[in-house]
Each structure stands twice: as structure tokens, then as C-alpha cells.
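The values are calculated or read from the model by the stated rules, or taken from the named source; none is laboratory data. None of the values given here were measured: they were computed from a predicted structure. Cβ coordinates were reconstructed from backbone atoms using ideal geometry, including for glycine residues, and neighbour counts include every protein chain displayed. Remember, those area values only see protein heavy atoms, side chains included, never the ligands or the DNA or RNA. Shrake-Rupley method; radii C 1.70, N 1.55, O 1.52, S 1.80 Å.
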Amino acid sequence: MFGLLLFGLLLVAATTHGQDFQAQSLARPEDSPRNVVLFIGDGMGDQQITIARNYLEGARGRLLLDEMPLRAAVQVLTVDEQGRTVYVADSANSATAMATGKVTSRARIAMAPDGRTAFPSIVQKAKAAGLRTGLVATSSITDATPASFVAHMSLRYCENPAAMQGAKIGFASLPPCKHLLKANGGPGSIAEQIASSSLDVALGGGLKHFDTPTEEGDQSIISLAEQNGFAVLTSLPDVQQVASEKRLLGLFAESHLPERWRGEGGRSSESPRPSWANYLNQYIGSVAMPEPMGCEDNPAFADTPTLVEMTDLALQRLRNPRGFFLMVESASIDKASHQRRACGSIGELKQLVEAVSLALDFAKEQGNTLVLITADHGQAAQLIAQNSLFSAYGIPVFTPGQLSRLRTPEGSIMAVNYATNNFAYEEHTGVNVPLFANEEGLGRIPAMITQPDIYTIMYDYLFDIEK
């Protein structure tokens, strides 16, 4: 027990020491505020962007991302618990790289591969230097990407006190995070860390992780947040009753926010159906492909705040003479892909583009605002041929995965394929991801960087550090 208590004290001391150092040496002068808005399209690789462009604007059209002044490529870096290279990331370690500039292993939230050493984040350093800070996400605000900017946790699913004791995915038991319980000298669950944080704005889903007792059991985590000075919102119009200087914690869904679009009638991707003759010989017989469909509004989205509405609220609240840092995550590009829902990903990428447009207008009006748009990792969803080249020779070739065939506004059929595994849940891929920037990025961002470099670029910009 003494060792665990000592670790907890070291964890808090390390984080606090980093904050104190930054507050003393890098306090922002009031006459030259700098702002950073980082957009993370979760799982938004070039395949996802191309699929969305084709559906939303046509093959000859352009998304707002295509008009950005700067585009670079980002190599995603991941290691295992022994420090050996891993070639496919998850959202926890990739967000940690951007939030802290450190490479770590999958599932770690701003912690080293050992699961015990905390990495101070850009949010904590900016706040300690007198800037305002905010997080916006269409996921639960406790999910891996937003959590990595404000919390420290050995495993991403330890979002509330009960989960710290261990959790399950289906029949699989997941290890606990008991060494980070407050009773053991740790910082407590991700939700408790957010509720106790100095964030100015946190907007997203995840009500179920806050509407639950704290580890001590003497109050709810919502009460803990309110005690710490947050106004807790469960609907966006509630903000009209909140004083402008009040810090905001918006919890607009029990878990992740619903996807804005869905396939017609709620359809997802489906498997091609080969004839019996094809089972006998792959060169004969026939195959029935899934019927084409379009995308439609998701009824479950209903009164859900849009990403652009939440981003607008965050920008209003964060604007101040000292500058700010804001991270905005469009989470369901990834989450819809895990479930093989092409329309969910397209609708979510559309949300990201709308929010980016708002931020670019803000940057032009405000000045001294770096806007970055990137992805945390690649994701399932591959644009493949609607008709296989082999079909011209009468060979019934088909994907071993699952397929969405989308009717596009151009009058064509676009085939989106999911085939990373044979399980119910698609997985990430290990590609480079894009990085886009407004004019403030020119001269600051080379053509090829690694993911931890994003942290350095943001840090240097906020604190006006010349190389």
C-alpha cells in the first residue's frame, strides 16, 4: 500500500511540477495573445476524405479541406509496453502523442507505456500559463481522444469509478486501473479528473460517467464538477441561463452523441452473396451484391447539438486577451466505421467541415489563431471498384468483407468496403494521416512530420517560440 501511495504522490508531483515550470517561464503576455484550434477527425484518413468528397461534392468537387493553404503528411507512432514499434495505433496513444508530444502504447491516456508515469499535456501547460482551454467532442467527453488532453490513465476505458475496478467487452474481462484509484494515491477515474480539472469548456457526451457516485461515494461526479465551479448542461439551450464567466461542462448524451446520418432504413454494410456454384469453383457461378442505397438523416440525432454549434459556443467562451487552446474531435468518422456504417462516417465528416469553416472565419476575424485539422489514425473503409475488373471476363469476383454501395449525387454507385477482420467490430489501419492548416501554419509545418511534432508545433505557436 505504501508503494502505491508513493506512486500517487509522485504522479501528482510530476504533473504539478510541469505545470508550475510552464506557469513561471512561459506566461503569455497580454498584448500578444495566441490561439490554437486543433480539429481531430477520428479515423479520418485519405480514404474517408475521398469517400466523403465523392458523396458530398462529386469526384470533381472540392471539400473545404482541399482549399486549405497547407497540407502535410503525418506518420503515426506507436510502441508496445516494452517500447517496441507497433504499426497500428488506437485513439488513446495517438491523441497522447498530439496532447503531450510523447510516444506511448495503445490504451494509455497521457501516460508512458509502463502505465504509471504521467505526461503533462498542452492543455495543462496552457492553463498554467494563464490561457483558457477547452475540449469539444461528438464522443463521450471521457473517451480516449478528449481524455488524453486533460486526464492521466493507464487504460482508456477507466472512465468512471466502477470501471476502475475492471470492465468487460462481451465475454472478455479487461484489467483494472486500481493503482490509479484515489484511495491508492492516484488521480481517480477519467470523469473525476475532468470534474476536478481547470478546463474552461468541455462539451460532448458521457452523462452516464458523471451521473454516478464518486469513488468515495459521498456525492455524484456531477456534484463534484459543480463544486469545482462548472455549470453542468444536458441540453445546449441551457447555456442561456449560465453566466458568461462560468465554466461549462456539457453532457448531451448518455454515451457518445448519435451519428447525424445513417444508411436508408438504418442499413449498414452487407456481405455479397455468392451462388452455390461459386462455392464449388471461384471462376463459375454468380454473386449478388448488396442493393445500392443513399444516406438519410438519423432520427436518433434529433435535438443533438451539432459539432458546429458546440464549436461556436466553445470559441465564444474561450475568447480572451491571453489566448486559448481548443481541441475539437469529430469522433464518429471512426465510430461509424467500426460498425461499417459508411453514411455515419460521411455525415460526421460533413460536421467536421462545417465546424472548420466556422473556426477559419473566427481566425480571420481574431487573428493570431492557428487552425489545424488532422486525424489520429487510419480506419477501415476502402473505396473499391463498383464492378470488379475481372467481371468483364465473366469471373464473379467479390470482396471477402462487407460492402456499402452508395448512390451518389453524380448518378453513380460508390462501393465502400470493410474487411479488416471477420469480427463484428472493424479495426484501425496503419497509414499516414493528413494534416491541414490555415495561413498561420505556413513556414511552421514541413511536408512530412511525426505525430508528436503536432504537439511541438502547437506549443511553439502558443508561446511564440522561434526555431
Sort out which residues of the stretch 92-117 are touching a residue at least 60 places away in the same chain (Cβ under 8 Å) and open to solvent by 10 Å² or more (accessible area, probe 1.4 Å), and write them in order of number.
G101, K102, V103, R116, T117
Look through I395, I413, I384 and report the one residue that is touching a Lys or Arg at 6+ places or on another chain (Cβ under 7 Å) and surrounded by fewer than 19 Cβ atoms within 10 Å (Cβ to Cβ).
I413
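Answer yes or no as to whether Q282 is in contact (Cβ under 8 Å) with a residue 60 or more places away in the chain and either surrounded by 15 or more Cβ atoms within 10 Å (Cβ to Cβ) or more than 21 Å from the chain's Cα centre (by Cα) (or both).
yes
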Taking the condition buried (at least 17 other Cβ atoms within 10 Å of the Cβ), in contact (Cβ under 8 Å) with a residue 60 or more places away in the chain and farther than 30 Å from L358 by Cα, does S269 pass?
yes
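Restrict the check to the stretch 318-331 and report whether at least one residue is assigned to a helix (DSSP H, G or I), acidic (D, E) and open to solvent by less than 10 Å² (accessible area, probe 1.4 Å).
Checking the stretch 318-331: not a single residue is assigned to a helix (DSSP H, G or I), acidic (D, E) and open to solvent by less than 10 Å² (accessible area, probe 1.4 Å).
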When G344 is evaluated against the numbered criteria (1) open to solvent by 10 Å² or more (accessible area, probe 1.4 Å); (2) of a type outside the set (A, V, I, L, M, F, W, C); (3) over 30 Å from G441 (Cα atoms), which criterion, by number, is the only one it fails?
(1)
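Residue-wise test of (1) over 19 Å from L372 (Cα atoms); (2) outside any helix (DSSP H, G or I); (3) modelled with pLDDT of 95 or more.
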{"residue": "G8", "(1), (2), (3)": "yes, no, no"}
{"residue": "T15", "(1), (2), (3)": "yes, no, no"}
{"residue": "D20", "(1), (2), (3)": "yes, no, no"}
{"residue": "R28", "(1), (2), (3)": "yes, yes, no"}
{"residue": "S32", "(1), (2), (3)": "yes, yes, no"}
{"residue": "F39", "(1), (2), (3)": "no, yes, yes"}
{"residue": "M44", "(1), (2), (3)": "no, yes, yes"}
{"residue": "A95", "(1), (2), (3)": "no, no, yes"}
{"residue": "T104", "(1), (2), (3)": "yes, yes, yes"}
Tell me whether the stretch 53-75 contains one or more residues that are in contact with a Gly (Cβ under 9 Å, 6 or more places away or on another chain), assigned to a loop (DSSP other than H, G, I, E, B) and either of a type in the set (A, V, I, L, M) or open to solvent by 10 Å² or more (accessible area, probe 1.4 Å) (or both).
yes
Those residues of the stretch 185-196 which are of a type in the set (S, T, N, Q) and either farther than 13 Å from E216 by Cβ or touching a strand residue (DSSP E or B) at 6+ places or on another chain (Cβ under 6 Å) (or both), in sequence order:
Q193
Subset of the stretch 119-136 that is in contact with a strand residue (DSSP E or B) (Cβ under 7 Å, 6 or more places away or on another chain) and open to solvent by 10 Å² or more (accessible area, probe 1.4 Å) - its residue that is nearest to T306 (Cα to Cα)
R132
Could you grab the pairs with beta carbons closer than 9 Å, sequence gap of 6+ or different chains, first residue in the stretch 368-381 and open to solvent by 10 Å² or more (accessible area, probe 1.4 Å), second one of a type in the set (D, E, K, R) and in a strand (DSSP E or B)?
N368/R34
Name every residue in the stretch 76-91 that is open to solvent by less than 50 Å² (accessible area, probe 1.4 Å), over 26 Å from V136 (Cβ atoms) and not in a loop (DSSP other than H, G, I, E, B), in order of residue number.
V79, V86
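Conditions (1) hydroxyl-bearing (S, T, Y); (2) at pLDDT below 95; (3) over 29 Å from N281 (Cα atoms); (4) out of contact with any Asp or Glu (no Cβ under 8 Å at 6 or more places or on another chain), marked per residue:
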residue	(1), (2), (3), (4)
V353	no, no, yes, yes
T369	yes, no, yes, no
Q379	no, no, yes, no
G394	no, yes, no, yes
What are the residues in the stretch 351-391 that are closer than 19 Å to H428 by Cβ and assigned to a helix (DSSP H, G or I), if any?
L352
Per the list (1) outside any loop (DSSP other than H, G, I, E, B); (2) among the β-branched types (V, I, T); (3) closer than 24 Å to D238 by Cα, residue check on V123 breaks on (3)
I'd like to check which helices (runs of 4 or more DSSP H) are fully inside the stretch 137-234 and have at least 2 residues that are open to solvent by less than 50 Å² (accessible area, probe 1.4 Å) and without any contact (Cβ under 8 Å) to a residue 40 or more places away in the chain.
221-227
Of the conditions (1) closer than 25 Å to R340 by Cβ; (2) within 25 Å of the chain's Cα centre (by Cα); (3) assigned to a loop (DSSP other than H, G, I, E, B); (4) of a type in the set (D, E), D303 satisfies every one except a single condition; which number is it?
(1)
